[in-house]
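Okay, so here's the structure we're looking at.
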Amino acid sequence: MSEEVKNEVTLRDKVVKAIKSVYDPEIPVDVYELGLIYEIQVYPVNNVFIKMTLTSPSCPSAETIPSEVEMKVKAIEEVNDVQVELTFDPPYTMEMMSEVAKLELGFM
């Protein structure tokens, strides 16, 4: 692999970075590290599909978090369109958190 290709930041990388700027207001960890993002697809013509969940169906931020994810990803210059799908299948568990999140929250 050439050096140029290795250093190239992909659109998916930019999407992940944008998602990592979204936090659950009650938890000091971003939604990506919390494990709330189940799927990220970047389709031709730079359409982005994100499947995500929330820590609970009754999450007080149920309206704001998915729309904030959509807004941050739409702000990426190359992105054409964004679709965020909210799902509760499989249900969220704390095991879905990254080690970074577990460490931040004192679970390790």
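No lab work stands behind these numbers, since they all come straight from the coordinates. Model, not experiment: these values are computed from the prediction. Here the Cβ positions follow ideal geometry from the backbone for every residue, glycine too, while neighbour counts run over all protein chains shown.
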Could you tell me the calculated FRET efficiency between I27 and K74, based on Cβ-Cβ distance and R0 = 22 angstrom, to the nearest 0.05? 0.40
For the stretch 31-78, what D do you get in µm² per second when you plug the Kirkwood radius from alpha-carbon pairs into Stokes-Einstein at 20 °C and 1.002 mPa s? 183
Can you count the Lys pairs in the chain with C-alpha separation below 24 Å, eight or more apart or on different chains? 18
Roughly how many whole Å is it from the C-alpha centroid of the stretch 57-108 to that of the stretch 6-43? 8
Normalised contact order of the chain, rounded percent, pairs of Cα under 8 Å and 6 or more residues apart: 29
Starting at the first residue of the stretch 52-60, write each ³J(HN,Hα) from the Karplus equation 6.51 cos²θ - 1.76 cosθ + 1.60 with θ = phi - 60°, in whole Hz, x for Gly and Pro. 9, 10, 10, 4, 7, x, 9, 3, x
Starting from the Cα gyration tensor of the chain, multiply each eigenvalue by 5, take the square root, and state the resulting semi-axes largest first in whole Å. 25, 18, 12
So in the chain, what percent of DSSP beta bridges are antiparallel if you round to the nearest 5? 55
